[in-house]
Amino acid sequence: MLLLKSFAKVIDNSGALVVEVINVMGGARVASLGDEVVCVVKKARPLASGEGGSSNAVSKLKKGDVARALVVRTVQPVRRLDGTFVKFDDNAVVMLSKQGTPLGNRVLGVVALEARQKRWAKIASLAPKMV
Amino acid sequence: LLRSLDAELCARHDADARTALFARGSPERIEPGSIVLVEQLSSRSAPRKLAFAGVLLNVKRRGILSTITVRNYVLGTGVEVVYPIYSPMVSRIKVLKPVKPGFSKGADQVNYLREKPSSAPLSFGSVEELVIRNTETE
């Protein structure tokens, strides 16, 4: 249940660490599992400018960047159609580009099944574990 | 009338003696704090099963709508899943390791384990090992 001003953890390697939600796509007030949000990066991993070497993600996000993201974990329990509820211990998102593809190329951490159910196949395939 | 309807529904959906596992007076009831594995069908048509194992956090007894909450830590994040016991999508509830009887002192809920996981008699870390051992024996 993320809305304006909600903070969420970023669980991919796009460079961002904590984002603040500024808009929920689709006109709803509240974003739940599998919903797309627009957010601003509040805390990012320090960019290693000198180190050429192996950078995994092509575009690293830095503090103040505005980007889209997909909500993959919410503390608010979410009801599934079979009557089960799932709830996590934190709110987490995966950063997306404007076209809807993930910005990072690795997802670190568990992701809700709603990602696959709501057409986010790329993120579902990157996720190490889905619940 | 509603009570008889409820009892009839429970009996009809009582696959593999599930009521016995959670009824208050039943001798083989599972106590909150035990480690439990729940297998769930992803959909009626697909045979794929989703398994989730963890510590049984609470049992909510509301007749046909009774639910259990199972908590575990997956890749560092705590996850809780609430299952309706009598749902046909929940194909199996299996006790992997029962907790010492008397742990929950007759209560249905041990929600304090959320904040103090270290006080759980059956630690969350042992869940994965029990699941692996369980799949090996099957």
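For the reader, a short list of remarks on this structure follows.
- Considering only B:LEU21, B:LEU96, B:LEU75, the Gaussian network model of chain B with Cα springs below 10 Å gives its largest mean-square fluctuation to B:LEU75.
- Total formal charge among the other residues, if their Cβ is under 13 angstrom from that of A:LEU3, Lys/Arg +1 and Asp/Glu -1: 0
- Put a dot 7 Å past the Cα of A:ILE22, heading toward its Cβ, do the same for B:LEU65, and the two dots end up 4.2 nm apart.
- Volume in Å³ per residue [convex hull over Cα atoms, computed for the range B:75-122]: 128 Å³
- With θ taken as phi - 60° and the Karplus curve 6.51 cos²θ - 1.76 cosθ + 1.60 applied, the whole-hertz 3J(HN,Hα) list for the range B:5-21 is 4, 4, 5, 5, 5, 4, 5, 5, 9, 7, 6, 6, 6, 6, 4, 5, 6 Hz, x standing for glycine and proline.
- Max mean-square fluctuation residue, GNM over chain A, Cα-Cα springs under 10 Å, options A:LEU81, A:LEU70, A:LEU108: A:LEU81
- Distant-in-sequence amide contacts of A:ALA31, defined by a placed amide H-H separation under 5 Å and a gap of 5 or more residues or a different chain, comprise A:LEU2, A:LEU3.
- When chain B is treated as a GNM with alpha-carbon contacts under 10 Å, the residue of B:ALA107, B:ALA23, B:ALA46 showing the greatest mean-square fluctuation is B:ALA46.
- Cut-off 12 Å between beta-carbons: net charge of the residues surrounding B:GLU39, Lys and Arg +1, Asp and Glu -1: +2
- Principal axis box of the range B:1-77, alpha-carbon based, largest edge first, Å: 47, 33, 19
- ³J(HN,Hα), Karplus 6.51/-1.76/1.60, whole Hz, each residue of the range B:63-77, x for Gly, Pro: x, 5, 9, 4, 10, 10, 10, 10, 10, 8, 10, 10, 6, x, 9
- Positive contributions from Lys and Arg (+1) and negative ones from Asp and Glu (-1), summed over other residues with Cβ under 13 Å from the Cβ of B:VAL99, come out at +3.
- Kirkwood-type hydrodynamic radius, the protein assembly as shown: 20.2 Å, calculated from all non-identical alpha-carbon pairs.
- P(r) tail fraction, chain B - alpha-carbon pairs more than 25 Å apart, %: 26 percent
- Solvent-accessible area per residue for the protein assembly as shown (1.4 angstrom probe, square angstrom): 53 Å²
- Annotation: extensible slack from B:ASP14 through B:TYR112 equals 32.3 nm (criterion: 0.36 nm per residue apart, minus Cα-Cα distance).
- FRET efficiency for B:LEU75 and B:ALA7, using Cβ-Cβ distance with R0 set to 41 Å, rounded to 0.05: 0.50
- Surface composition of chain B: carbon plus sulfur atoms hold 57% of the accessible area, using a 1.4 angstrom probe and ignoring ligands, DNA and RNA.
- For A:GLY15, the residues whose amide H sits under 5 Å from its own are A:LEU61, ignoring neighbours fewer than 5 places away on the same chain, with H placed 1.01 Å from N.
- Overall form of chain A: prolate. Here a/c, set by the Cα gyration tensor axes a ≥ b ≥ c, is 1.5 or more, and a/b is the larger of a/b and b/c.
- Protein heavy-atom accessible area occluded, B/A pair - total, 1.4 Å probe, Å²: 1300 Å²
The values are calculated or read from the model by the stated rules, or taken from the named source; none is laboratory data. Because the structure is predicted, anything quoted here is derived from the model rather than measured. Neighbour counts are summed over all protein chains in view; Cβ atoms, including those assigned to glycine, are modelled from backbone coordinates with ideal geometry. SASA here: full protein model, heavy atoms, side chains in, ligands and nucleic acids out. Shrake-Rupley method; radii C 1.70, N 1.55, O 1.52, S 1.80 Å.
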